[in-house]
Amino acid sequence: MHTRHLIIYAAALLLVVALTGGCAKKIVKPNDMPSPGLGMAGQGAIAEGELQGVQASLKPIYFDFDNYTLTPDAQAAIDYNAEVLKRFPTLAVVAEGHCDERGTAEYNLALGERRAGTVVQRLAALGIAGNRMSTVSFGSELPVDPNHNEEAWAKNRRVYVRVSK
């Protein structure tokens, strides 16, 4: 009887982990921006137009094929984004990792997560508080250019830094 209880307990624990592990963060896209007031508790409100301006000014960060190391251009884009984010210390952001279509879905999801993590690490090193940032990977699921050539693939290997809730 003891073994049976252990098996039931283990199955219940696995079920709880499976159900809670897949919760996704909501991503706020520019056209979904909330009314004034987005920010960390106890800090000042930011007008909707200002939020959209911040989102529009954040630069995408591009990566080389099958890589998540930062090129000088990528570092410059992150440095610029850090300066923008320093002017709005109440905003939280999510780094969205993307890949080109080459590679398996699982590989691209992992690579997108590594790319997003690299961006967040550099932003943190530049003074952006870690509690303001999160990551998500879309792998190759949301190409910005659907063509199947090097020019398109280069555009799709990116991280977007988006204002989030």
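Within segment 10-28, identify whether any single residue is outside any loop (DSSP other than H, G, I, E, B) and at pLDDT 95 or above, and answer yes or no. No, that holds for no residue.
Residue-by-condition table, conditions (1) under 14 Å from Ala82 (Cα atoms); (2) in a helix (DSSP H, G or I); (3) out of contact with any strand residue (DSSP E or B) (no Cβ under 9 Å at 6 or more places or on another chain):
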position: Leu123; (1), (2), (3): yes, yes, no
position: Ile128; (1), (2), (3): yes, no, no
position: Ser137; (1), (2), (3): no, no, no
position: Asn147; (1), (2), (3): no, no, yes
position: Ala154; (1), (2), (3): no, yes, no
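Scanning segment 130-163 for residues that are touching an Asp or Glu at 6+ places or on another chain (Cβ under 8 Å) and of a type in the set (D, E, K, R) yields Asp145, Glu151, Lys155, Arg157, Arg162. Looking at segment 86-107, which of its residues are out of contact with any helix residue (DSSP H, G or I) (no Cβ under 6 Å at 6 or more places or on another chain) and assigned to a loop (DSSP other than H, G, I, E, B)? If the condition is that a residue be out of contact with any helix residue (DSSP H, G or I) (no Cβ under 6 Å at 6 or more places or on another chain) and assigned to a loop (DSSP other than H, G, I, E, B), then Arg87, Pro89, Thr90, Leu91, Glu101, Arg102, Gly103, Thr104 are the ones that fit.
In segment 62-104, of all residues being under 18 Å from Ala152 (Cα atoms) and of a type in the set (A, V, I, L, M, F, W, C), the one that is surrounded by the fewest Cβ atoms within 10 Å (Cβ to Cβ) corresponds to Phe65. In segment 145-165, the residues that are farther than 24 Å from Asn131 by Cβ and at pLDDT 95 or above form Cβ pairs under 9 Å with partners that are part of a helix (DSSP H, G or I) and hydrophobic (A, V, I, L, M, F, W, C), at six or more places apart or across chains, as follows: Asp145/Ala152; Asp145/Trp153; Asp145/Ala154; Pro146/Ala152; Asn147/Trp153; Arg157/Leu111.
A quick yes/no check of all residues on (1) closer than 15 Å to Tyr160 by Cβ; (2) within 17 Å of the chain's Cα centre (by Cα):
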site	(1), (2)
Asp64	no, no
Ile78	yes, yes
Arg102	no, no
Ala110	no, yes
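The values are calculated or read from the model by the stated rules, or taken from the named source; none is laboratory data. Small disclaimer: the values here were computed from a predicted structure and weren't measured. Quick reminder, even Gly has a Cβ in these numbers, built from the backbone with ideal geometry, and neighbours come from all protein chains shown.
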